[in-house]
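A quick write-up on the structure given underneath.
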Amino acid sequence: MAHDIDIRGLTKSFGSHAVLHGIDLRIGEGEFVGLMGPNGAGKSTLIKILAGVHGNYGGELRFGGERVPSLAGRDDVGFIHQDLGLVDDMSIVDNLRLGEAPLRRLGPLLHHGREARAAADALALVGLERSVDTPVGALSPGEKTLVAVARLLARGARVLVVDEATSTLSPADAQQLIDSLKRTTAEGATVIMVSHKLSEILRVCDRIVVVLDGRLVEDRPAEGLDHDGLVELLVAHEVDGHPGGEREPARPGEELVRLEGAVAGRAGPVDLVVHAGEVVGLTGLAGSGLHDVAFLAHGSAVPDRGRVVRPPSATTALVPPYRERQGGFDEHSIARNLTISALPRWRAPWRLLRTGVERRDARDVVGRLDVRPGDPERAYGDLSGGNKQKVVFGRALLRDPRLYVLCEPTRGVDVQTRREIYRLIDELRSGGAGVLVVTSDFEDLVAVADRMSVVVDGRVGPFLVADDMSAKDLEAFI
Amino acid sequence: MRNIDPSTGGAATAPDPAPVPPPEPAAIRRMLSSDGFRASVTFIAFLALFAVYAVWLGDSFMTTDGRLLDVHQNAPVLLLGLAVLVTLIAGQFDLSVASMATLTTFLAIGLKVNQDWPFLLVIVACLGIGVIGGLLNGFLVVRLRVNTFIATLATGGIFLGLSSVYSKGTQLSPTEGDPPIPGWFSGPDSLGAFGNKVPSVVAWIVIALLVLWAFTAVRSRRPERFAEGAWAGIAAGIVAVATAVLLVVGAGGFVEGMSWTILLLLVVGLGLWTLITQMTYGRHLHATGANPEAARLAGVRTERVTVQAFVIGGVLAALAGIVLAANQGSASPDVAAGYLLPAFAAAFLSTVVLSSGRFTVPGTIIGGTFLVWVSQGLIVGGLEFTWNEVVNGVVLAVAVAFSTVFRKDGR
């Protein structure tokens, strides 16, 4: 058929490092395929080859039976990344018209009416009920993604490749997006979706493909698979690193930070205390001011009103929520990304840096967190999303602060890494550090928090003790 | 990467997936695709061009003294290149540096000749003006959030305007009866004179430092397949051979030919290199330029770092003006106006000369010097000197385009 994708014996190496070892995958029209696998397994590389970002691969790629170098630059294939390529300052209709032949009234004059009607039709395809004159900057992240999908569909996309587009969305937004994607497959379009969110994959995909270490290790229908079965599929090929056992009860020590009626951004007034030796969890929907609370506690936001009190010894480190934008420095090496927050550690007389020791320490962290590829001199920008997350985490660890503020610590990471991160947070707590976990993923809080609360409209609600909490309860609580 | 070798192909479809390529092309291909080669391709291209010059022009171009004179005369441009380099690393543009240099040229001459200040105070005052100018730029860009182009364009206008207010729009040159400029600063046998050379022992120390730097630079670019110890030996060998070749070709004249201005340039370069590669400030500066938001959230005080970058740029620009005053012994309106473009060109060339995409101090000095030599060679060869700017523009565009093309097949 015209939009079949046929991948045969696909291989790819960067220098001497082989990332894909012969992937064979055939995807027919109307399929909804979930592509899963641990961070650095080669999913992103596969997608980037399809998107024409990486050339110079081995094997062949066929589309509709014809051999092609990549699927880039065709109207019938569309790619959705976290970076949507929309212009915030422009309206929905103008964004939809970008790069299109103008609809003309007469000569150079544009036919605004027809453009608006075409845009409204496109929005209807994705079920987005918004005026086409709304500036894109005013939309929620989920709605923006829908606009990007609408743009692709309006251009005639029959194949959509969605690369972790839901990982930065609130649960409600993510649901709206994948429901809309599901509708397109019902009309014969093909969707390939990369995600770490098991529930999403299970809910919409017809077929699940698992990539591990550059090989395709599972390819089976989603039918008959439940959450536990899928976890088993994903970790079956790995050493089980589950910590297990009961957590020790928290022994809160001295205060590390105290927010008193603090107001900044969308947060506030907020009252919040984090002690040494405890893990405090906050959750909430996107736009609730959740992350502004984190910035206040970290000290990267200055309160407009109220106070943030911190004892002089209480150093802080932050894992920021939006990794792609706030995480690191793409052109710089992994090592430099790791050490930027902790440079005084390597300061020699005359304020020079002991670069040799610095490099060795960076190498240690890369090994400890199992960042792949494990060469600390490689560019940070070459890493997959989950490995970037590890580096940003490692940066906080190197700083060795009293208080860790962790925003969305498990966003976009695989099951294995997620467990590692939970274990690490436990370790930090027993080491006497205070941890504030701010996340839109309830699972995180159930796994690590001693007490937790929900942020609604910038205010922190009453705290609940973790004991008998489950994700369901908390979800219901919101 | 897959080696596809047409020579072993033939008509039959070979099931053997690993054709053995002839060893030599593979080795060359490996070398061509190595990071080290990619980073130095523009540098090598420049050297090749100078080899062509050497054949074409012979001794009229290949004189150590003549080429050192180019460096000497262009020291202010190279200092301005370093000035814009710092702000470029921070992700900002400083268009005011040339005007700052013009202002301090006037002040360095005028505060002595007209106001009869003690000369050291004059120097300190000029550098102080550089600090104030940098603070002003930083204040506009960081506090008031004025776009960096607009802010520095405006302050550049202010600095240039102040220089013409101060000089009443005319040239300023010392005449009989004015308080004299000290003989060590300007005139024959002064800081500014090319004829006044540094003692050869100092020159030897400089050469030793340059060799040491070259060794460290080569050693840090170790290809994966060499062990650390073995590569250190190879690096030492490469540098030793290169040094020997340079000494034979005529760099020996460097020892006798190095003027105080060149020494000053190299010392400033070394200091700046240390600051931005070996100290915390440099890391913070690079981080700020690469991603300000990530840097801020990682604990870097980006606003302060940016202001400091403008201040360093301002001081370097002021220094460029002082050196200009020393070289010329007088000041004329717009004395440094034409320097802005070559200064930026030198800084941008640093991203392709011995570097893959980073702004570097050695690259700025080498790139800026190569730029002068290219046009100087053409002038020696008979081109009207009025073509200078055209040549500068062409060299910048060609060099950057050239290395971009070479880097493309990396991915």
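The values are calculated or read from the model by the stated rules, or taken from the named source; none is laboratory data. As the structure is a prediction and not an experimental result, all values here were calculated from the model. Cβ coordinates were reconstructed from backbone atoms using ideal geometry, including for glycine residues, and neighbour counts include every protein chain displayed. Remember, those area values only see protein heavy atoms, side chains included, never the ligands or the DNA or RNA. Shrake-Rupley method; radii C 1.70, N 1.55, O 1.52, S 1.80 Å.
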> Which one of A:G434, A:A449, A:T417 has its Cα pushed farthest toward the positive end of the charge dipole of the range A:412-467, where Lys and Arg give +1 and Asp and Glu give -1 at the Cβ?
Replying inline: A:G434
>> Rounded, prolate or oblate, given the Cα gyration tensor of the range A:163-306, with a/c below 1.5 counting as rounded?
In response: oblate
>> My understanding is that a pair violates if its Cα-Cα distance is over 23 Å; which of A:K182/A:K388; A:K12/A:K388; A:K144/A:K390; B:K112/B:K168 do that in this structure?
In response: A:K182/A:K388; A:K144/A:K390
> Just going by the charge dipole of the protein assembly as shown, with Lys and Arg at +1 and Asp and Glu at -1 on Cβ, which of B:A90, B:P180, B:F215 is farthest out on the positive end?
Replying inline: B:P180
> If A:L71, B:L144, A:L110 are ordered by their accessible area, calculated over protein heavy atoms with a 1.4 Å probe, which sequence runs from highest to lowest?
Replying inline: B:L144, A:L110, A:L71
> Got a sec? Which residues in the range B:328-371 would a label at B:S220 touch, if it sits 7 Å along Cα→Cβ and we count backbone N under 17 Å?
Replying inline: B:350-366
>> Residue by residue through A:315-328, how many Cβ atoms from other chains fall within 10 Å of the Cβ on average?
In response: 3
>> Please list B:D334, A:D441 from largest to smallest accessible area, probe radius 1.4 Å, with all protein chains kept in place.
In response: B:D334, A:D441
>> From the protein chains alone at 1.4 Å, what is the descending order of accessible area for A:L290, B:L160, largest first?
In response: B:L160, A:L290
>> I'd like the mean, over residues of A:341-354, of how many other protein chain beta carbons sit within 10 Å of each residue's own Cβ.
In response: 3
> Of the heavy-atom accessible surface of chain B (probe 1.4 angstrom), what whole percent is carbon and sulfur?
Replying inline: 68 percent
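Please give the contour-minus-distance gain from A:R325 to A:D121: 0.36 nm per residue of separation, less the Cα-Cα distance, rounded to one decimal in nm. Let's see the in-between values first.
Values: separation 204, 0.36 × 204 = 73.44 nm, distance 3.20 nm.
My answer for the length gained is 70.2 nm.
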>> Given R₀ = 45 Å, what would the calculated FRET efficiency be for A:R305 paired with B:I158, taking r from the Cβ atoms and rounding to 0.05?
In response: 0.75
> Three principal axis extents, largest first, for the C-alpha atoms of the protein assembly as shown, in Å?
Replying inline: 98, 80, 71
> Once you sort the root eigenvalues of the Cα gyration tensor of the range A:166-212 as a ≥ b ≥ c, which label holds: rounded (a/c under 1.5), prolate (a/b larger than b/c) or oblate (the other case)?
Replying inline: oblate
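So in chain A, what percent of DSSP beta bridges are antiparallel if you round to the nearest 5? Spell out each step's value before the answer.
Working: 40 of 75 bridges.
Restricted to chain A, the bridges split so that about 55 percent are antiparallel.
Considering the convex hull of the alpha carbon atoms of the range A:286-421, report its projected area averaged over all viewing directions, in nm², one decimal.
It is 9.7 nm².
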> Under a plain spin-label model, where a point goes 7 Å from the Cα along Cα-to-Cβ, how far apart in nm are B:T404 and A:R345?
Replying inline: 3.9 nm
> Rounded to the nearest 0.05, what FRET efficiency is calculated for A:R155 and B:L47 with R0 set to 30 Å and r the Cβ-Cβ distance?
Replying inline: 0.05
> What order do you get for A:276-283, B:167-174, A:126-133 when each peptide is scored by the mean count of other beta carbon atoms within 10 Å, highest first?
Replying inline: A:276-283, A:126-133, B:167-174
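Take every residue in peptide B:299-306, count the Cβ atoms of other chains within 10 Å of its Cβ, and give the average of those counts.
That works out to 2 on average.
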> Separation of the range A:289-345 and the range B:192-264 by C-alpha centroid, Å?
Replying inline: 42 Å
>> Mean-square fluctuation check for chain B, GNM, Cα pairs under 10 Å: which of B:I123, B:I89, B:I150 is largest?
In response: B:I150
> Label-point separation (nm) for B:N147 and A:E187, each offset 7 Å from Cα along Cα-to-Cβ?
Replying inline: 4.0 nm
>> Can you give me the solvent accessible area of A:E60 with a 1.4 Å probe, rounded to the nearest 10 Å²?
In response: 40 Å²
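Determine the percent antiparallel among the DSSP beta bridges restricted to the protein assembly as shown, to the nearest 5. List each step's numbers first, then the result.
Details: 43 of 78 bridges.
Antiparallel bridges: around 55 percent, rounded to the nearest 5.
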> When only alpha-carbon atoms count, how far does the range B:345-411 stretch along each of its three principal axes, as whole angstroms with the largest first?
Replying inline: 43, 24, 15
>> Using a 1.4 Å probe on the protein heavy atoms only, what accessible surface does B:T302 show? Give it in Å² to the nearest 10.
In response: 20 Å²
> Can you list the residues, at least 5 places off or on another chain, whose amide H is less than 5 Å from the amide H of A:H17, using H built in the peptide plane?
Replying inline: none
>> Tell me which of B:A54, A:I47, A:N387 sits at the most positive position along the dipole axis of the protein assembly as shown, charges placed on C-beta atoms (Lys, Arg +1; Asp, Glu -1).
In response: B:A54
> When all protein chains stay in place, what accessible area (Å², nearest 10, 1.4 Å probe) is found for A:M90?
Replying inline: 60 Å²
> Given a 1.4 Å probe and every protein chain left where it sits, what share in percent of the accessible area of chain A is carbon and sulfur?
Replying inline: 49 percent
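Give me the one-decimal Kirkwood hydrodynamic radius in Å for chain A, with the sum taken over alpha-carbon pairs.
24.0 Å
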> Could you give P(r) for the range A:104-177, binned at 5 Å from zero, as whole percent values over all Cα-Cα pairs?
Replying inline: 3, 15, 23, 22, 18, 10, 5, 3, 1, 0
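Just to confirm a number: summing +1 for Lys and Arg and -1 for Asp and Glu over residues other than B:T302 whose beta-carbon lies under 14 angstrom from that of B:T302, what do you get?
+4
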> What size of dipole, in debye to the nearest 20, comes out for the range A:151-294 about its Cα centre when the only charges are +1 on Lys and Arg C-beta atoms and -1 on Asp and Glu C-beta atoms?
Replying inline: 820 debye
